[in-house]
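This report concerns only the one structure given below.
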Amino acid sequence: MSAIPYPQRKNMATSIKNKIKSIRELKNYTQEYMAEQLGVTQAGYSKIEKGKTILSYVKLVEIARILEVSVEDIISFDSERYFSSFNKVIGNNNGSILINTENTSTLKLLYEDKIMLLEKLLSKTEAELERYKDKFGEL
């Protein structure tokens, strides 16, 4: 029998699934990508995030590896604290706005990742457009 009472275990599981989802979304990973990396279907991965399947420690370690964080990072992730640290805006009398600079390196990395993904998407879209032009001519 588990040392943690059932209601607490349920809350812990709910918390972890929400944390996994938040970290995945911050990394701009899709459920499809996560499912592919885990060797499960997208529906199967969705059940993990919805808490409809039991998440073993081994699976949690695997998810942490894909998300490039530690299990401890997932467990201790606090989305409210994380997002509020980026939302501290300081105004001054001339109307300028300064964003909290405590986490600028993290924010920079997130934007760089997003830019890289958008550049890849643009490149693929341009290649697809060229294929259509070759196949159907100019529009």
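The values are calculated or read from the model by the stated rules, or taken from the named source; none is laboratory data. The shown structure was predicted, so the numbers you read here are calculated from the model rather than taken from an experiment. Here the Cβ positions follow ideal geometry from the backbone for every residue, glycine too, while neighbour counts run over all protein chains shown. Ligands, DNA and RNA are stripped out before the accessible areas are found, and what is left, the full protein with its side chains, is counted by its heavy atoms. Shrake-Rupley method; radii C 1.70, N 1.55, O 1.52, S 1.80 Å.
Would you mind computing, in nm to one decimal, how far apart the modelled labels at Glu128 and Ile54 are, each placed 7 Å from Cα along Cα→Cβ?
4.1 nm
List, in the order given, every pair from Lys21/Lys52; Lys27/Lys59; Lys19/Lys52; Lys52/Lys120; Lys59/Lys108; Lys114/Lys135 whose Cα-Cα distance in the structure shown is over 25 Å.
Where the Cα-Cα span goes over 25 Å, the pairs concerned are Lys52/Lys120; Lys59/Lys108; Lys114/Lys135.
Which value, in Å², gives the accessible area per residue of the stretch 17-58 when a 1.4 Å probe is used on the protein heavy atoms?
With the other protein chains kept in place, the stretch 17-58 gives 60 Å² per residue.
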